[in-house]
Amino acid sequence: MANAFELGAAILGGLGALVGIRAGTEQPRYTVVERLGDLEVRHYGPRLAAEATVSGSATAARSAGFEAVAGYIFGANTAKSSIAMTAPVAQSAAGGSQTIAMTAPVTQTADGAGSWKVQFIMPARYTRATLPVPTSDKVSIVELPAQDYAVLRFSGSRSGPAVARRTGQLASALAGQGWKATGPPTAWFYDPPWTPSFLRRNEVAAPVALTISAGSTTPR
């Protein structure tokens, strides 16, 4: 039987979609600050996210977290009227509840031993005041501040070991580049499981701050 992550992605993407969530779906806006070989340093503005904290392996936690937060965007919230969709891939709940458009990527961050945060970034049109409140105590709305991220993009497997390996590559590639990681790494997933491995867009990212240029002793 498909797990919750697969079922949620199927609902969102449609059975005929090849690249799934990513096709026509709103993504957080960013600007590229610098390119460092295979890395991009991107600046993201403030964002809102629906977040669930779950325990288990990276893959199991992703499924459980997806299920919890998908419930929120499928209508487990306090709104009483429908809103316009910001992406064509979405589902409206019956009974007048508001359904929030899906955005990409789904994010996953380690939060202590065996614990993970799984987030959906909310569409940019919302503010804290206009975003519906979750009705489940498993989901919370968090404000993400403007931040620079060092990002490494990859395709293929997004298993726990694969993500860990790519995170190590990110750290190695960032060393000596004048940017310092300021927080834990995050994995970003843009596509559902049925997407062919070579077409998947996966990323690992770490929040960073500018220190000095490589080979320089003064701040940039």
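The values are calculated or read from the model by the stated rules, or taken from the named source; none is laboratory data. This is a predicted model, so every value here is computed, not measured. Methodologically, a virtual Cβ is constructed for each residue, glycine included, from the backbone with ideal geometry; neighbour enumeration extends over all protein chains shown.
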Could you list, in sequence order, all residues of the stretch 194-211 that are surrounded by 15 or more Cβ atoms within 10 Å (Cβ to Cβ), part of a loop (DSSP other than H, G, I, E, B) and in contact with a Phe, Trp or Tyr (Cβ under 7 Å, 6 or more places away or on another chain)? Arg201
Being farther than 19 Å from Ala58 by Cβ and aliphatic (A, V, I, L, M) is the filter here, so list the residues in the stretch 139-157 that pass it. Val139, Ile141, Val142, Leu144, Ala146, Ala150
Out of (1) modelled with pLDDT of 80 or more; (2) in contact with a Lys or Arg (Cβ under 6 Å, 6 or more places away or on another chain), what's the single condition that is false for Tyr72? (2)
Test each condition in (1) without any contact (Cβ under 8 Å) to a residue 40 or more places away in the chain; (2) part of a helix (DSSP H, G or I); (3) over 17 Å from Glu40 (Cβ atoms) for Gly183 and report the one that comes out false. (2)
Working only within the stretch 27-58, note down all residues that are crowded, with 17+ Cβ neighbours inside 10 Å and of a type in the set (Val, Ile, Thr). Val41, Thr53, Val54
Do you know which residues across the stretch 161-180 are buried (at least 16 other Cβ atoms within 10 Å of the Cβ) and not aromatic (Phe, Trp, Tyr)? Ala162, Val163, Arg166, Thr167, Leu170, Leu174, Gln177, Gly178
Counting just the residues of the stretch 131-150 that are acidic (Asp, Glu) and not in a loop (DSSP other than H, G, I, E, B), which one comes out nearest to Gly65 (Cα to Cα)? Glu143
